[in-house]
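Each reported figure results from applying straightforward, stated rules to the coordinates on display, with no laboratory input. Everything numeric here is computed off the predicted structure, so don't read it as measured data. Quick reminder, even Gly has a Cβ in these numbers, built from the backbone with ideal geometry, and neighbours come from all protein chains shown.
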Amino acid sequence: MKKLFMVALLCTMTVSAMAQIKSVDVKANLRGDFGIGAGITMPVLESIDFAPTFNYYFADGCNMFTVDADFHYNFELDQTWTIYPMAGLLWFHNGVDGIGDVKGEDYNKLGVNIGVGARYDINDRWAAIAEAKYQWVDGWDDTFFSLGVNYKF
């Protein structure tokens, strides 16, 4: 488990070191349990961003987190509002008690994300973000909402 986490962390650090970071996000994830997330956003093309995120969930009796790798296609509505559909992959980890069909063992699976988000630029550095995302992993799926802030460089 520690080896997989370290590999994921190393990959994220390598990608971020090679690319220009556009912004940093901090999110609260709201669903059946509460989670927090932190991520970065990097431009790929003019309207497409790559947004890896680490999310940790405070679930009873388990150690649950995801590492998401999403792509956003940005539609700028005006100078302050941007909406973006998103799609990507995730690595889901649930330890100890497990959920769904898996009980009492570590559960590590790859999955798929699909969703939509909106960003409101408060000023030239800060923005408020809201996202709705569906995550599908073999034996588990969930829909959740995220609210957060975005700091732009």
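List of remarks:
- Taking the average, over residues, of other Cβ atoms within 10 Å as the packing measure, peptides 106-113, 68-75 rank 68-75, 106-113 from highest down.
- Label-point separation in nm, ASP141 to VAL44, each point 7 Å along Cα→Cβ: 2.3
- Distance-filtered residues of the range 29-43 - backbone nitrogen under 18 Å, label point 7 angstrom along LYS152 Cα→Cβ: 39-43
- For the pair TRP81 and LEU110, a Förster radius of 35 Å applied to the C-beta separation gives a FRET efficiency near 0.60, rounded to the nearest 0.05.
- Net charge of the neighbourhood of PRO43, taken over other residues with C-beta under 9 Å away and scored Lys/Arg +1, Asp/Glu -1, is -1.
- Other residues with beta-carbon under 10 Å from the beta-carbon of HIS72 carry, at +1 per Lys or Arg and -1 per Asp or Glu, a net charge of -2.
- Amide H partners (placed H, <5 Å) of LYS22, local residues excluded: THR41, MET42
- For the range 104-153: rounded, prolate or oblate by the Cα gyration tensor [a/c cutoff 1.5]: prolate
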